[in-house]
Amino acid sequence: MKQPKYRRIVLKLSGEALAGSKGFGIDQDILNSIAEQVKEVKEAGVDVAVVVGGGNIWRGVAGSAKGMDRATADYMGMLATVMNALALQDALEKYGVDTRVQTAIEMRQIAEPYIRRRAIRHLEKGRVVIFAAGTGNPYFSTDTAAALRAAEIEAEVILMAKKVDGVYDSDPVTNPNAKKFRDLGYIEVLNKGLGVMDSTAASLCMDNQIPLIVFSLNQKGNIYRVVMGEEIGTYVGR
């Protein structure tokens, strides 16, 4: 049996990906597809941690742009990620995957507070850990949370599951001639402003030598393919 390329991963799910074609809210079919794929990856012997965004429910930057206090808008965005995390936990457990949600903002009635050593222990026991509420601080994105948590739990890679199938030099939706990159360096991502993740997150990955793989969530089975070492999407890490 083929062995997975990575033994411990952080799967970064954008809120927009969870919304599917609706563009807003949570698409149950998408959740079920993710849960099924995560189960497949777990059965291959891989430790899986998940960081979820909240853009399908609320975007702090958008609220701030309309005059809301930025910190308040960002805290609302953190709460949106918790809603997504609970929905994903429910879907995973329906597929028989033991799951824990840990939040950077304490809300003990519904989730554990984030504790690094406890998170690692959950992974060692074969549980999927979902990290919600970003870093717990305003002005930091969930991409930065993914980079931070990956460093803390010593993940080998961050899998960036998006609506597009990689990183392009321009928006492939509006530009049919957009060029897709097969691989990139961290500095290229920063210098070209490619929008893979924000500069804080990219710098954190570069400093800690954590590679990224940006790929499409739309094609079923892609999470498993990436974990097994298939070259799909865009690799960032040199």
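Any idea which residue in the range 93-133 is surrounded by the fewest Cβ atoms within 10 Å (Cβ to Cβ), counting only those that are in contact (Cβ under 8 Å) with a residue 60 or more places away in the chain and under 19 Å from ASP143 (Cβ atoms)? Filtering the range 93-133 for residues that are in contact (Cβ under 8 Å) with a residue 60 or more places away in the chain and under 19 Å from ASP143 (Cβ atoms), the one surrounded by the fewest Cβ atoms within 10 Å (Cβ to Cβ) comes out as ALA119. Considering ASN218, ASN191, the condition of being surrounded by fewer than 22 Cβ atoms within 10 Å (Cβ to Cβ) and in a helix (DSSP H, G or I) is satisfied by ASN191 alone. Of the residues ARG59, ARG8, ARG70, the single one that is surrounded by 14 or more Cβ atoms within 10 Å (Cβ to Cβ), over 30 Å from GLU124 (Cβ atoms) and modelled with pLDDT of 90 or more is ARG70. Residue pairs whose Cβ atoms lie under 7 Å apart, sitting 6 or more positions apart in sequence or on different chains, and linking a residue in the range 135-160 that is within 18 Å of VAL61 (Cα to Cα) to a partner that is charged (D, E, K, R) and assigned to a loop (DSSP other than H, G, I, E, B), are SER141/ASP198; ASP143/ASP198; THR144/ASP198.
From ALA201, ALA146, ALA150, which residue is modelled with pLDDT under 95, crowded, with 16+ Cβ neighbours inside 10 Å, at negative phi and not in a loop (DSSP other than H, G, I, E, B)?
Values: ALA146 fails: modelled with pLDDT under 95; ALA150 fails: modelled with pLDDT under 95.
Of ALA201, ALA146, ALA150, the one residue that is modelled with pLDDT under 95, crowded, with 16+ Cβ neighbours inside 10 Å, at negative phi and not in a loop (DSSP other than H, G, I, E, B) is ALA201.
Look at ILE130 and say whether it is in a strand (DSSP E or B), under 21 Å from ILE9 (Cβ atoms) and at pLDDT 95 or above. Step through it out loud before you land on a result.
On the way: in a strand (DSSP E or B): yes; under 21 Å from ILE9 (Cβ atoms): yes; at pLDDT 95 or above: yes.
Here the answer is yes, as ILE130 does meet what is asked.
Restricting the range 154-188 to residues that are in contact with a helix residue (DSSP H, G or I) (Cβ under 7 Å, 6 or more places away or on another chain) and within 19 Å of GLY53 (Cα to Cα) leaves a set whose member that is surrounded by the fewest Cβ atoms within 10 Å (Cβ to Cβ) is LYS163. Scanning the range 174-199 for residues that are of a type in the set (S, T, N, Q) and over 19 Å from the mean Cα position of the chain (by Cα) gives THR174, ASN175, ASN177, ASN191. Is it the case that some residue within the range 100-117 is within 19 Å of the chain's Cα centre (by Cα) and in a helix (DSSP H, G or I)? The answer is yes, given that some residue of the range 100-117 is within 19 Å of the chain's Cα centre (by Cα) and in a helix (DSSP H, G or I).
Residues that are in contact with a Gly (Cβ under 6 Å, 6 or more places away or on another chain) and polar (S, T, N, Q) within the range 191-238 comprise just one, THR234. Scanning the range 202-227 for residues that are in contact (Cβ under 8 Å) with a residue 60 or more places away in the chain, within 13 Å of GLU156 (Cα to Cα) and not polar (S, T, N, Q) gives ILE210, VAL226, VAL227.
The values are calculated or read from the model by the stated rules, or taken from the named source; none is laboratory data. All figures in this text were calculated on a predicted structure; none of them were measured in a lab. Ideal geometry is used to build each Cβ from the backbone, glycine not excepted, and the neighbour counts take in all protein chains shown.
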